[in-house]
Every structure is written in C-alpha cells, then in structure tokens.
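Here is the structure we will look at, set down as structure tokens.
The values are calculated or read from the model by the stated rules, or taken from the named source; none is laboratory data. Keep in mind the model is a prediction, meaning the values are calculated, not measured. With ideal geometry, Cβ positions are generated from the backbone for all residues, glycine too; neighbour counts draw on all protein chains shown. Remember, those area values only see protein heavy atoms, side chains included, never the ligands or the DNA or RNA. Shrake-Rupley method; radii C 1.70, N 1.55, O 1.52, S 1.80 Å.
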Amino acid sequence: YLKENSMLLKRGNIFDDYDILDFVGITTNSILNKKGELIMGAGIAKTAKGICPELPSMFGSQIKDKGVEGGFYGLLLAGKYLAFQTKRDWRDNSDIQDVIRSINMLKRGAEKYPNSKFGLPFPAINNGGLKTSDILPHISHLPDNVTVYHLEDL
C-alpha cells in the first residue's frame, strides 16, 4: 500500500512526538454532552482531554456553531489539536465513508501546508471497530508530511 510521497507509518504514541508535530490529530465523534462539550471519553480523545482539559469545550462550541451535532464535520482545529472525525455517535462503530471523508480533508490540508508536520493516530481501528485493511488503502494517499501512529503491529 505504501507508495512514494505517501504518509509515514510509525509505531508508537502520537504524544511522544507532540513537540515536533505542528498538528496533533485525535480521533473523535460529533456528540455533545449537556454542557455543550464534545464527548471525549475513550481512546486517544480521552488522553488528549487529560493533557488539554479545554478541548471538549473548544471542539464542542465549533460543532454547535456549525450545527453538526450528531452529523459530519470531518476536521476541527483547536490550537495544535486537530479533531479527526471517525464517528458520528461515540457509541457506534466508525463509518468507513466518514473516515474516508476525514482522510480526504486531512490530505487537502496537508497539501496546502506542505512545510507543516501532521500526526494522526491510526483511525477507526480500536474503538472504531474497523480493520487496518479497511483503512490502509485510504491513508496511503496522505502526503509525506503526515505521520500515522500505530500502537500494535499492522
């Protein structure tokens, strides 16, 4: 699947490279709690919330402003954090079409900012319920300024 000029696969935790990344992707959904905050209760989203407790509020207000709660937004930016949508409802498995749309949005952003380093945890495979083989053909089209992090052997 890996071609020239394709994204880099790296085994490890995205937060280990926090300081060298310009944008730190975290996989997310589009459901808000009663306070209007994005629900970030599991996986990489929970880790990011622990590091940056204002993220749920920052992403939640963007989702509310766009009127896409429970719908599709794809990517959101808060500081150096990039919400990368893999689900609509956190209770459900990821929808491959939404994941592909988010990947395509990230591809356009990474191409627009070729001198920026983007990091993304391998999307939709753990809490998302999809297989690496479902995702790999799509992320392989990301440019080489995107590093996709994975914790397990692929």
Requested in this report: Sort 23, 84 by accessible area with a 1.4 Å probe, largest first.
Outcome: 23, 84
**Report entry** Solvent-accessible ranking of 132, 86, largest area first, probe 1.4 Å
**Finding:** 132, 86
Query raised in the report: When the label point is put 7 Å from the Cα of residue 151 along its Cα-to-beta-carbon vector, which residues of segment 4-31 have a backbone N closer than 17 Å?
Result: 10-18, 25-29
Report summary line: Toy charge model, Lys and Arg Cβ at +1, Asp and Glu Cβ at -1: the chain dipole around Cα centroid in debye, rounded to 20, equals 320 debye
Report task. For residue 77 paired with residue 54, estimate the spin-label separation in nm (one decimal), with each label point 7 Å from Cα along the Cα-to-Cβ line. Result -> 1.7 nm
**Report entry** Computed label-point distance, nm, for sites residue 115 and residue 65 using a 7 Å Cα→Cβ extension
**Finding:** 2.7 nm
Requested in this report: Please find the FRET efficiency linking residue 33 to residue 144, where r is the Cβ-Cβ separation and R0 is fixed at 35 Å, and quote it to the nearest 0.05.
Outcome: 0.40
Report task. Provide the solvent-accessible area of residue 138, counting protein heavy atoms only and rolling a 1.4 Å probe, rounded to the nearest 10 Å². Result -> 60 Å²
Query raised in the report: For the chain, what is the mean residue ellipticity at 222 nm derived from helices alone (per DSSP H run of n ≥ 4: -39500 (n - 2.57); sum divided by total residues; nearest 500 deg cm²/dmol)?
Result: -9000 deg cm²/dmol
Report summary line: Using a 1.4 Å probe on heavy atoms of the protein chains only, the accessible area for residue 7 in Å², nearest 10, reads 10 Å²
Requested in this report: May I ask what percent, to the nearest 5, of DSSP beta bridges between residues of the chain are antiparallel?
Outcome: 25 percent
**Report entry** Probe 1.4 Å, all protein chains present, accessible-area order of 73, 18, largest first
**Finding:** 18, 73
